[in-house]
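K.L.:
Structure incoming, see below.
The values are calculated or read from the model by the stated rules, or taken from the named source; none is laboratory data. Here the structure is a predicted model, which is why all the values come from computation and not from measurement. Virtual Cβ from ideal backbone geometry, glycine too; neighbours counted across all protein chains shown. Areas reflect the complete protein model, heavy atoms only, side chains present, ligands, DNA and RNA absent. Shrake-Rupley method; radii C 1.70, N 1.55, O 1.52, S 1.80 Å.
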Amino acid sequence: MNEAVRQPVLAANWKMFKGPETTRTFLDRFMELYPAHSDRSVVFFPAAISISAFLAARSGRDDLEVGIQDVHTEVEGAHTGAVSAAMAAEAKLGWGLAGHSERRQEFGDEDAGVGAKLGRLLEAGLRPILCVGETLEERRAGLLEEVLSRQVESVLDGLAASGSGPWSDKVLAYEPVWAIGTGETATPRDAAEAHGLIREILSRRAADEQAATILYGGSVKPDNIEALLAAEGVNGVLVGGASLDPDSFAQICLARSDR
Ligand code: PEP
C-alpha cells in the first residue's frame, strides 16, 4: 500500500453554498489558521461556479486541493447545466465526488449511473470519492450490509468492465444518510463496523482492496473529529455543514490523527 496515498483525507463538501466572493473570504481566513501539512490531504469541493475563484484565491497553497461535486455520465453533449469529468480535468481539478446521497435523493442518481460517473472520473485522471450509506429505515430494518453491498458492488461491476487502476487511487465515503446535516453522528463504533463491512465487500471482488481509503461523513465537527479519526478503518472525513466556517474546518483539519 502506498502510505502517501493512504494519509488522512479531510474533505469539505460545500454543496450549494458560497459564491466566488464568499469563497475568497473563507480562504483568506482559513489559510491564516491552517498552514500546509505534509501528513494529510485537505480537499475542497466548492460549487462549480466558485472553482476558479477558489483556484485564484488559494495562491501558492497547492496543498489545498480541489474537486468537482458531481459530473455527468457523458464526456460532453447537449446536457444543459451539467459538467463533465473531462472538463473538470481540463480545469486542473484533482478530485470528484460520485453518488452523494443528495444526488441520489434529489436528482435520482442510481447505482448504475453512479458507477458510470465514477468511471468517467477515473478515465479523466481524477481521484474519485464514491459515497455510500444507508437511510434510517434501512438501518432499522437491518439492511446495512445489503445496502452497502448493492451500492459498492454495482460500481465494482462497471470498474471491472473498464479495467480501472489500483485501489490505492480510490476513495469511498461511508455517509449514513441519517447522519447527514442532522446533527446525529454515527458513533466511532458504528463507523468502524460499516468501514469493516465495506472492506469485506471490496475484498470479495478486488485483490488490493485494503489499499482503498475509506472516509466517514455525517455531522463531523471539531468536537467529534478526533474520536472518529481514531476509529478502526476510518482514513479521513467528508464534511458538509462544519466545513462552511473557516474556524471550524481549520480545527477539523488540524485534528491529531494516529492513522
Ligand atoms: C455531506 O453532505 O457529505 C455531509 C457529511 O454533511 P454534514 O457534515 O453536514 O452532515
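K.L.:
³J(HN,Hα) across the stretch 27-33 via Karplus (A = 6.51, B = -1.76, C = 1.60, θ = phi - 60°), whole Hz, x for Gly/Pro?
P.N.:
Per residue, the Karplus-derived 3J(HN,Hα) values read 5, 3, 6, 4, 5, 5, 8 Hz.
K.L.:
Output wanted: per-residue J couplings in Hz (rounded whole) for the stretch 95-112, from phi through Karplus 6.51 cos²θ - 1.76 cosθ + 1.60, θ = phi - 60°, x for Gly and Pro.
P.N.:
Once rounded to whole Hz, the list reads 9, x, 8, 9, x, 4, 4, 5, 5, 5, 7, 8, 10, x, 4, 10, 3, 5.
K.L.:
Something else about it: When all protein chains stay in place, what accessible area (Å², nearest 10, 1.4 Å probe) is found for Arg150?
P.N.:
Its accessible surface works out to 120 Å², give or take rounding.
K.L.:
May I pose another question? Long-range amide H contacts for Phe44: which residues qualify at under 5 Å (H placed 1.01 Å from N, peptide plane, sequence gap of 5 or more or a different chain)?
P.N.:
Amide H neighbours of Phe44, under 5 Å, 5+ apart: Ala12, Glu65, Val66, Gly67.
K.L.:
Kindly report the accessible area of the stretch 9-253 per residue (heavy atoms of protein chains, probe 1.4 Å, no ligands, DNA or RNA), in Å².
P.N.:
Working: 10360 Å² over 245 residues.
Per-residue accessible area for the stretch 9-253 comes out at 42 Å².
K.L.:
How large, in percent, is the carbon and sulfur part of the accessible surface of the stretch 9-253 at a probe radius of 1.4 Å?
P.N.:
Working: 5380 of 10360 Å².
That fraction is 52 percent.
K.L.:
To the nearest 10 Å², what's Lys221's accessible area with a 1.4 Å probe?
P.N.:
70 Å²
K.L.:
How large is the dipole of the chain about the Cα centre if only Lys and Arg carry +1 and Asp and Glu carry -1, each at its Cβ, rounded to the nearest 20 debye?
P.N.:
Around 400 debye, computed over the chain.
K.L.:
Further question on the same structure: Mind ranking 243-254, 17-28 by how tightly packed they are, going by the mean number of other C-beta atoms within 10 angstrom, highest first?
P.N.:
243-254, 17-28
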